[in-house]
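The values are calculated or read from the model by the stated rules, or taken from the named source; none is laboratory data. Nothing here was measured: the structure is a model prediction, and the numbers come from that model. When we count neighbours, we look across all protein chains shown, and the Cβ atoms used for this are built from the backbone with ideal geometry, even at glycine.
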Amino acid sequence: MSGITEYQLREQLVHYGASLFNRGYSSGGSGNISVRLPDGGYLVTPTNSCLGELKPETLSRLDADGLHIDGEKPSKEVPMHMAWYRHRPSCGAVVHLHSPWLTALSCLPCETPANCLPPLTPYYVMRVGQLPLLPYFRPGHDNIAHALAEIAPDRTAALLANHGPVVSGKTLREAVFNMEELEDSARIWLTLKPLGYVLLTAEAIAELQQVYRP
């Protein structure tokens, strides 16, 4: 994020929030987004805010320790976001949504919680790699952050059981793109499940992993 100003990041967050909301990835006051600032602090969407109605000047501002210092009261999910920043040094932004297909996937039985979404397309492997399914905890519970802290060093995203996805990225743009790819991958998977499908081979996955490292 070298060279970008705080106000540009505020505008980006508002832009991407509206884009996600307008395309049905979020509804009502659900979901939250954060981004790391050049000075080491963070911007977070306010509690109960609609991603389609954000304003640059009212976004919650946190200091480097994640404490609220300006703007409206931040989302109750701040600890979840901070788990990514503290345990994945490359993380520059976090997106948490209740998007339809991934939330549906989070409510289904899963025999492979280490990776609950199979490798159907190269784009999923390139952008996300694997999607661990974490246990259910009520929204805002500290155990969500503890569970994320365990997987954050090695994973780009996670699916919270009966809740929804939380996705990171080196930049806000990348985090949003990773979220979009993940939602599309869940849609493809759930659409194909009753019909049958062909997974990428181990050789194809290994080739992608040599070139692209989420």
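Before moving on, here are some points about what is shown:
- Once the range 1-21 is narrowed to residues that are surrounded by 14 or more Cβ atoms within 10 Å (Cβ to Cβ) and aromatic (Phe, Trp, Tyr), the residue that is farthest from the chain's Cα centre (by Cα) is 21.
- Residues being farther than 21 Å from residue 26 by Cβ, of a type outside the set (A, V, I, L, M, F, W, C) and modelled with pLDDT of 95 or more are represented in the range 93-109 by at least one member.
Yes/no matrix, rows are residues, columns are (1) surrounded by fewer than 20 Cβ atoms within 10 Å (Cβ to Cβ); (2) within 13 Å of the chain's Cα centre (by Cα); (3) in contact (Cβ under 8 Å) with a residue 24 or more places away in the chain; (4) more than 23 Å from residue 214 (Cα to Cα):
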residue: 23; (1), (2), (3), (4): yes, no, no, yes
residue: 39; (1), (2), (3), (4): yes, no, yes, yes
residue: 46; (1), (2), (3), (4): yes, no, yes, yes
residue: 50; (1), (2), (3), (4): yes, no, yes, yes
residue: 55; (1), (2), (3), (4): yes, no, yes, yes
residue: 58; (1), (2), (3), (4): yes, no, no, yes
residue: 70; (1), (2), (3), (4): yes, no, no, yes
residue: 84; (1), (2), (3), (4): no, yes, yes, no
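- The criterion of at least 2 residues that are in contact with a strand residue (DSSP E or B) (Cβ under 7 Å, 6 or more places away or on another chain) and hydroxyl-bearing (Ser, Thr, Tyr) is met, among helices (runs of 4 or more DSSP H) falling completely within the range 55-131, by 100-106.
- Verdict on residue 204 being at pLDDT 95 or above, touching a Cys at 6+ places or on another chain (Cβ under 9 Å) and assigned to a helix (DSSP H, G or I): no
- For the range 141-187, a tally of residues being farther than 14 Å from residue 98 by Cα, surrounded by fewer than 22 Cβ atoms within 10 Å (Cβ to Cβ), over 13 Å from the mean Cα position of the chain (by Cα) and not hydrophobic (A, V, I, L, M, F, W, C) returns 7.
- For the range 162-170, the condition holds for at least one residue, the condition being that it is in contact with a helix residue (DSSP H, G or I) (Cβ under 7 Å, 6 or more places away or on another chain) and farther than 25 Å from residue 12 by Cα.
- Filter pass, residue 33 being β-branched (Val, Ile, Thr) and within 16 Å of the chain's Cα centre (by Cα): yes
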